[in-house]
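Every number in this text was worked out from the coordinates using simple rules, so none of it is lab data. Because the structure is a prediction, the values reported are computed rather than measured. Cβ: placed from backbone, ideal geometry, glycine included. Neighbour counts: every protein chain shown.
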Amino acid sequence: MKVYLDNCAFNRPFDDQSHIRIRLESEAKLYIQEKIKNNNIDLLWSYILEIENDYNPFEEKRRAIEKWKKFAIDDIEESEILLQRANGLIKLGVKSKDALHVSAAVEGQADYFITTDDGLLKKLFEFKLIKVINPVDIVGVINEHNN
């Protein structure tokens, strides 16, 4: 199984944990990370993850996230096809950074694009090129996959 986590998924454990949904998504994200570390799941990285993370004003978060690049099996670079796909997603109402993330995940042939962004999940619910999923929901998929 190959996954791509967007920036909001990577940042989830740093969010206010007093909300049950955020705690559950954080735990799920940490579970995914453990599977990546143990080579049970393949992680994709991309230039847009790097750019977006570089603009994170919180040094602790930025450093914690950038360490995940070394676990990635591939680092997706910008290409004309990636940009064309992203432009198509923008026409569907997806924000430009999100469109670049999704397009990078498709380019890297990820099985799942993991995000905590409800708007993105709704817009791409029926997107055919990749399964867009919340961290909590992917845990069930992972467990099914391992059985």
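Name the single residue, out of those in region 1-21 being among the aromatic types (Phe, Trp, Tyr) and under 21 Å from ASN39 (Cβ atoms), that is surrounded by the fewest Cβ atoms within 10 Å (Cβ to Cβ). Can you show your working first?
Within region 1-21, the first condition is being among the aromatic types (Phe, Trp, Tyr), and the residues that meet it are 4, 10, 14.
With under 21 Å from ASN39 (Cβ atoms) added as a condition, the list becomes 4, 10.
On the way: TYR4: 30, PHE10: 22.
So the residue we want is PHE10.
Of (1) part of a helix (DSSP H, G or I); (2) surrounded by 13 or more Cβ atoms within 10 Å (Cβ to Cβ); (3) acidic (Asp, Glu), GLU144 satisfies all except one. Which? The failed condition is (2).
Pairing residues of region 25-39 that are closer than 10 Å to PHE71 by Cβ with residues that are of a type outside the set (Ser, Thr, Tyr) and surrounded by fewer than 22 Cβ atoms within 10 Å (Cβ to Cβ), at Cβ distances under 6 Å and at least 6 apart in sequence or on separate chains, gives ILE36/PHE71. Among the residues of region 22-46, those that are surrounded by 15 or more Cβ atoms within 10 Å (Cβ to Cβ) and either of a type in the set (Ser, Thr, Tyr) or at positive phi (or both) comprise SER26, TYR31, SER46. Can you tell me how many residues in region 19-44 are of a type outside the set (A, V, I, L, M) and in contact with a Pro (Cβ under 7 Å, 6 or more places away or on another chain)? Result for region 19-44: 3.
Only one of the numbered conditions (1) touching a residue at least 24 places away in the same chain (Cβ under 8 Å); (2) crowded, with 17+ Cβ neighbours inside 10 Å is violated by ILE73, and that is (2).
Scanning region 108-128 for residues being in contact (Cβ under 8 Å) with a residue 40 or more places away in the chain and over 15 Å from LYS95 (Cα atoms) gives a total of 7.
Counting just the residues of region 94-140 that are in contact with a Cys (Cβ under 9 Å, 6 or more places away or on another chain) and of a type in the set (S, T, N, Q), which one comes out surrounded by the most Cβ atoms within 10 Å (Cβ to Cβ)? That would be THR115.
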